[in-house]
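One structure is given here, and the rest of the page talks about it.
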Amino acid sequence: MGMSISVSEKIRAIRDSEGMGRKAFADKLGISQRTLESIENKGTDPSSSILKAICKGYPAYTFWLTLDTVNPEIGQISPELKETASEYGKTGTDTE
């Protein structure tokens, strides 16, 4: 999986992977766009409530975001794995 990146970089990667702009992502998380920009651009540590909102809104990234690990067999991925799966059309959770 490579070198660990900061939580703020992970949040940006999740947002990018989901194809969302800052406003839409911030709205979904229930935070201001300014707060999200501070996290992404300045590396401000997100509060526990923001991390919880990301995990609830995007549960497939919970292990990667909080533990820096993935487990595709149970649907726990990283944005990098999502892109790879999209290229190949399959994930560890596909049943067909």
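The values are calculated or read from the model by the stated rules, or taken from the named source; none is laboratory data. Keep in mind that this is a model prediction, so the values were computed, not measured. Note that each Cβ is placed from the backbone with ideal geometry, even for glycine, and that neighbours are counted across all protein chains shown.
Just to confirm my filter: which helices (runs of 4 or more DSSP H) fall fully inside the range 23-96 and include at least 2 residues that are under 15 Å from Ala13 (Cβ atoms), at pLDDT below 95 and under 12 Å from the mean Cα position of the chain (by Cα)?
It comes to 79-88.
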Exercise. Applying the selection to the range 70-81, what residues are surrounded by fewer than 19 Cβ atoms within 10 Å (Cβ to Cβ) and touching a residue at least 40 places away in the same chain (Cβ under 8 Å)?
Worked result: Glu80
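Restricting to the range 6-22, count the residues that are under 21 Å from Ala85 (Cβ atoms) and assigned to a loop (DSSP other than H, G, I, E, B). Spell out how you get there, then give the answer.
Just the residues of the range 6-22 that are under 21 Å from Ala85 (Cβ atoms), to begin with: 9-20.
In the following step, the residues that additionally are assigned to a loop (DSSP other than H, G, I, E, B) were identified as 18-20.
So the count comes out to 3.
Among the residues of the range 15-38, is any among the β-branched types (Val, Ile, Thr) and closer than 16 Å to Ser78 by Cβ?
The answer is no; no qualifying residue exists.
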